[in-house]
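In what follows, a single structure is set out as structure tokens and then discussed.
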Amino acid sequence: MAEWTYAEAIRQALTDAMAEDDAVLLLGEDVALGGPFGVTRGLRERFGAGRVLNTPISEAAITGFAVGAALAGRRPVVEIMFMDFITLALDMLANQAAKLALLSGFQQAVPLVVRTQAGIYHSAGAQHSQSLEAWLVHVPGLAVVAPGVANDAYRAVRWALRQPGPVVVMEHKGLYGRRQAREALEWDPQWRPGPQLRRPGRDATVVTYSAMGETALAAASALERDGISVEVWDLLGLSPLNLEPVLESVRRTHRVLIVHEAVVTGGLGAELAARLQSEVFDDLDAPIFRLGGRPVAIPFSPPLERAVIPSAEAVAEAVRTVLA
Amino acid sequence: MAIRVEDGIALYRAMFLIRRFEETVAEWVRAGLVPGFVHLAIGQEGAAVGVVHALDGRDVVFSGHRAHGHLLARGADPARVLAEILGRAEGVCRGLGGSMHLVDTAVGFWGATGVVGGTIPLALGAAWARQATGGVVAVFFGDGASTTGIFHESLNLASLWRLPVLFCCENNGYAEFTARAEQSPVAYARRFAEVYGIPSAGVDGSDVEAVFEAARAAVAEVRAGGPYFLEVEVARLSGHYEGDPQGYRSAEEQARQWARDPVRRWRDALAERGVAEEALAAVEEEVARQVEAAREQAQKAPWPDLTVLNHG
Ligand SMILES: Cc1ncc(C[n+]2csc(CCOP(=O)(O)OP(=O)(O)O)c2C)c(N)n1
Ligand SMILES: [Mg+2]
């Protein structure tokens, strides 16, 4: 079966959505040339300058523009080049995009998609590496998805472009080149961005998302050599959260480790831990453990950069702690 | 009025140092030795040197993502700047910041940023808080930064509060891969200064002497009270980032830009004014030795230890 990369899957999803629906348009800095990772390459040539808009360095204005265009019936996809710059668009997202449906007594809808990419990759530095999803999931009215593999990335973008309200698609720069066997993707309107089982196991459940899925799988393989069987779940949808399959897993394994790249403090792991324990407290044989980024600005130097986010070794170590 | 020969040679030395330094970084990028994103100042040396040489020890400088030249012009140790770009413990920021986040407070260089426009308002607050020193705060940014909201808020505030800030826009005609005309209908960012009531000037960045004179006049105005906006028109002779294939501009255009090489132009000007070839060659050899030594020192420098994160 043919393979595709995560970046190609996203490009295909945008292409298919644009071909199907004239209301879909892209805007962002240098999107006409593909952006820094080439994700939107070729779309300007195919769909024209009226639907692939290169913008000035004006994140707040282009996000607000997209909100206005969405109110007028378009489906804009705004690219925020690095998730770190979502700070600049956040007022428009949190105070306008996320609220207008309710504030208007549901006269209005804001079907807006924001694509952005997060994460540590080759020393991009403290202002080009952060994972800021916790800020977004704190805003009612914003949906957030964080695909970890190419096929999910395709589906997540297609799904986002059919939602009635704003959705942030959090990509990971370290995943763009990752290949996966391409599934025959007949678009299924029933599909929802819920938890994906990456690896079945008996002894403990690891709940994760985005690029940490790979790290968790590497840890699971290493632990298998010691006879420890780990089940790995990739959440995919961060808001709203659907934890049903994960709860079922924890009821079997009785032990949970939550892993994310974002800093632990105030991170999504806290929300997950709280929800899990309220549902499966009686099934747990150990406290729920969280592993995430150290609470520091991400240092530039390669050995330090690697050390501030969970490694496969650290995940394996944490699983052993949960099992102890 | 032409500047003195010694000053002219000092400007040449400073520009040649930046050029050699950036060529070293470019070579290392090609060899895969440099982590992260690197934006070089090749072609923009005239702006960095002309403006920074018009400042003195009381003054403070901020910059953006294309900052190597500004920091070197300010007098930072090239070995420690190279070490920073490699992420080593001897770097000016102990390897924690990298190319886009250079700081060296010892030479009055208070910071660079990877977020376009991010340091512009910092210059305002620093200038306000340091008024008693008589110092000015100069902030470098690109033409692309003039399309950010923070740029406009900052110009308005600096003018309203008459802050001693020298806004220094290096207009290289591009923001990443997109030409100025596709970014703004306003070709020159100094037009924005006019409407905010900030005096301004434009100067050809390929002529370091003209930049130096314009910057001296600008700094004098800032010291007398209130902001000034200097737009230096430069040619970006490298790609946006090192490794940029530059498919968005023709080979002819890239070649044409080299006619605006400030280093070459100033060398020719000095020779025309009677500076001996040997004297220029001596400066170049000395700088080459300095960069060679810096390069060795930086490459030998150790990686930082995790404990550095616990500092302070
Ligand atoms: C807020 C923000 N948006 C986007 C970027 C990505 N980016 C990095 S450099 C750059 C272009 C900057 O152009 P300009 O200000 O003219 O500086 P130059 O690179 O030409 O020196 C962009 C868009 C960024 N770093 N920060
Ligand atoms: Mg520019």
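The values are calculated or read from the model by the stated rules, or taken from the named source; none is laboratory data. As the structure is a prediction and not an experimental result, all values here were calculated from the model. With ideal geometry, Cβ positions are generated from the backbone for all residues, glycine too; neighbour counts draw on all protein chains shown. Accessible surface areas use protein heavy atoms only, side chains included; no ligands, DNA or RNA. Shrake-Rupley method; radii C 1.70, N 1.55, O 1.52, S 1.80 Å.
Restricting the stretch A:1-37 to residues that are farther than 23 Å from A:GLY174 by Cα and outside any loop (DSSP other than H, G, I, E, B), the residue that is farthest from the other protein chains (Cβ to nearest Cβ) is A:GLU20. Restricting attention to the stretch A:40-63, the residues being under 22 Å from the mean Cα position of the chain (by Cα) and surrounded by fewer than 22 Cβ atoms within 10 Å (Cβ to Cβ) number 2. The residue that is farthest from the other protein chains (Cβ to nearest Cβ), counting only those in the stretch B:75-130 that are farther than 23 Å from B:ALA288 by Cα and among the hydroxyl-bearing types (Ser, Thr, Tyr), is B:THR105.
Among the residues of the stretch A:13-30, those that are closer than 21 Å to A:ARG178 by Cα and open to solvent by less than 10 Å² (accessible area, probe 1.4 Å) comprise A:ALA13, A:LEU14.
Would you tally the residues in the stretch B:28-44 being more than 14 Å from every other protein chain (Cβ to nearest Cβ) and under 25 Å from B:GLU90 (Cβ atoms)? Can you show your working first?
Here is the first cut: in the stretch B:28-44, the ones more than 14 Å from every other protein chain (Cβ to nearest Cβ) are B:30-31, B:40-44.
Applying the additional criterion that residues be under 25 Å from B:GLU90 (Cβ atoms) yields B:30-31, B:40-42.
Residues flagged as more than 14 Å from every other protein chain (Cβ to nearest Cβ) and under 25 Å from B:GLU90 (Cβ atoms) within the stretch B:28-44 amount to 5.
Hey, any hits in the stretch A:267-279 for a residue that's touching an Asp or Glu at 6+ places or on another chain (Cβ under 9 Å) and assigned by TED's automatic domain parsing to the domain that holds A:THR205? Looking through the stretch A:267-279, at least one residue is touching an Asp or Glu at 6+ places or on another chain (Cβ under 9 Å) and assigned by TED's automatic domain parsing to the domain that holds A:THR205.
Taking the criterion of being open to solvent by 20 Å² or more (accessible area, probe 1.4 Å) and among the aliphatic types (A, V, I, L, M), the residues of the stretch A:174-227 that qualify are A:ALA181, A:ALA184, A:LEU185, A:LEU197, A:LEU217, A:ALA218, A:ALA222. Considering only residues in the stretch B:176-200 that are open to solvent by less than 10 Å² (accessible area, probe 1.4 Å) and aliphatic (A, V, I, L, M), the one that is farthest from the other protein chains (Cβ to nearest Cβ) turns out to be B:ILE198.
Take the residues in the stretch A:84-95 that are within 12 Å of chain B (Cβ to nearest Cβ) and not charged (D, E, K, R), then tell me which one is farthest from ligand 2 (Cβ to nearest atom).
Here the answer is A:MET92.
Residue count for the stretch B:280-310 under the criterion of being more than 14 Å from every other protein chain (Cβ to nearest Cβ), of a type in the set (A, V, I, L, M) and either under 15 Å from B:LEU86 (Cβ atoms) or open to solvent by 40 Å² or more (accessible area, probe 1.4 Å) (or both): the result is 4. Does A:PRO299 meet the test of being within 14 Å of chain B (Cβ to nearest Cβ) and in a helix (DSSP H, G or I)? In short, no.
Take the conditions buried (at least 16 other Cβ atoms within 10 Å of the Cβ) and among the basic types (Lys, Arg) and apply them to B:ARG265. Does it pass? Full working, then the answer.
Values: buried (at least 16 other Cβ atoms within 10 Å of the Cβ): yes; among the basic types (Lys, Arg): yes.
When the stated conditions are applied, B:ARG265 passes them.
Screening B:SER206, B:SER200, B:SER184 for residues that are touching a Pro at 6+ places or on another chain (Cβ under 7 Å) and either away from ligand 2 (no atom under 16 Å from the Cβ) or closer than 18 Å to A:ILE57 by Cβ (or both) leaves exactly one candidate, B:SER184. Residues in the stretch A:193-243 that are in contact with a strand residue (DSSP E or B) (Cβ under 7 Å, 6 or more places away or on another chain) and in a loop (DSSP other than H, G, I, E, B): A:PRO193, A:GLY194, A:PRO195, A:PRO200, A:GLY201, A:ASP203, A:TYR209, A:SER210, A:ALA211, A:LEU235, A:LEU236, A:PRO240.
So which residues in the stretch A:260-291 are of a type outside the set (A, V, I, L, M), buried (at least 17 other Cβ atoms within 10 Å of the Cβ) and touching a residue at least 60 places away in the same chain (Cβ under 8 Å)? Show your work before the answer.
Going residue by residue through the stretch A:260-291, those that are of a type outside the set (A, V, I, L, M) are A:260-261, A:265-267, A:269, A:271, A:275, A:277-279, A:281-283, A:285, A:287, A:289-290.
If we keep only those that are buried (at least 17 other Cβ atoms within 10 Å of the Cβ) as well, we get A:260-261, A:267, A:269, A:271, A:289-290.
Once the filter is applied, which keeps residues that are of a type outside the set (A, V, I, L, M), buried (at least 17 other Cβ atoms within 10 Å of the Cβ) and touching a residue at least 60 places away in the same chain (Cβ under 8 Å), the stretch A:260-291 yields A:HIS260, A:GLU261, A:GLY267, A:GLU271.
Just one of the listed residues (A:ARG51, A:ARG75) is more than 14 Å from chain B (Cβ to nearest Cβ), farther than 24 Å from B:THR147 by Cα and touching a residue at least 12 places away in the same chain (Cβ under 8 Å), and it is A:ARG75. Going by the conditions given, is A:ARG255 at negative phi and open to solvent by 60 Å² or more (accessible area, probe 1.4 Å)? Considered against the rule, which asks whether it is at negative phi and open to solvent by 60 Å² or more (accessible area, probe 1.4 Å), A:ARG255 comes out as no. Across the stretch B:142-172, the qualifying residues are those that are open to solvent by 10 Å² or more (accessible area, probe 1.4 Å), out of contact with any strand residue (DSSP E or B) (no Cβ under 6 Å at 6 or more places or on another chain) and within 12 Å of ligand 2 (Cβ to nearest atom), and the one among them that is farthest from the other protein chains (Cβ to nearest Cβ) is B:ASN172. Considering (1) surrounded by fewer than 15 Cβ atoms within 10 Å (Cβ to Cβ); (2) without any contact (Cβ under 8 Å) to a residue 40 or more places away in the chain; (3) within 14 Å of chain B (Cβ to nearest Cβ), the lone condition that A:ARG294 does not fulfil carries the number (1). The single residue among B:VAL234, B:VAL208 that is open to solvent by less than 20 Å² (accessible area, probe 1.4 Å) and either out of contact with any strand residue (DSSP E or B) (no Cβ under 6 Å at 6 or more places or on another chain) or within 22 Å of B:ALA127 (Cα to Cα) (or both) turns out to be B:VAL208. Listed conditions (1) touching a Ser or Thr at 6+ places or on another chain (Cβ under 9 Å); (2) without any contact (Cβ under 8 Å) to a residue 40 or more places away in the chain; (3) not hydrophobic (A, V, I, L, M, F, W, C) are all met by A:ARG44, apart from (1). Among the candidates A:GLU171, A:GLU261, A:GLU244, A:GLU224, which residue alone is in contact with a Pro (Cβ under 9 Å, 6 or more places away or on another chain) and more than 17 Å from A:ALA153 (Cβ to Cβ)? Only one candidate qualifies: A:GLU244. The set of residues in the stretch A:112-164 being over 11 Å from the mean Cα position of the chain (by Cα) and within 14 Å of chain B (Cβ to nearest Cβ) consists of A:ILE120, A:TYR121, A:HIS122, A:SER123, A:ALA124, A:GLY125, A:ALA126, A:GLN127, A:HIS128, A:SER129, A:GLN130.
What about B:ARG66, is it within 16 Å of ligand 2 (Cβ to nearest atom) and open to solvent by 20 Å² or more (accessible area, probe 1.4 Å)?
Against the criterion (within 16 Å of ligand 2 (Cβ to nearest atom) and open to solvent by 20 Å² or more (accessible area, probe 1.4 Å)), B:ARG66 qualifies.
Give the number of residues within the stretch B:212-255 that are more than 16 Å from ligand 1 (Cβ to nearest atom) and farther than 22 Å from B:PHE177 by Cβ. Going through the stretch B:212-255 one residue at a time, the tally reaches 17. How about the stretch B:172-208: which of its residues are assigned to a helix (DSSP H, G or I) and under 30 Å from A:MET81 (Cα atoms)? Matches in the stretch B:172-208: B:ARG180, B:ALA181, B:GLU182, B:ARG190, B:ARG191, B:PHE192, B:ALA193.
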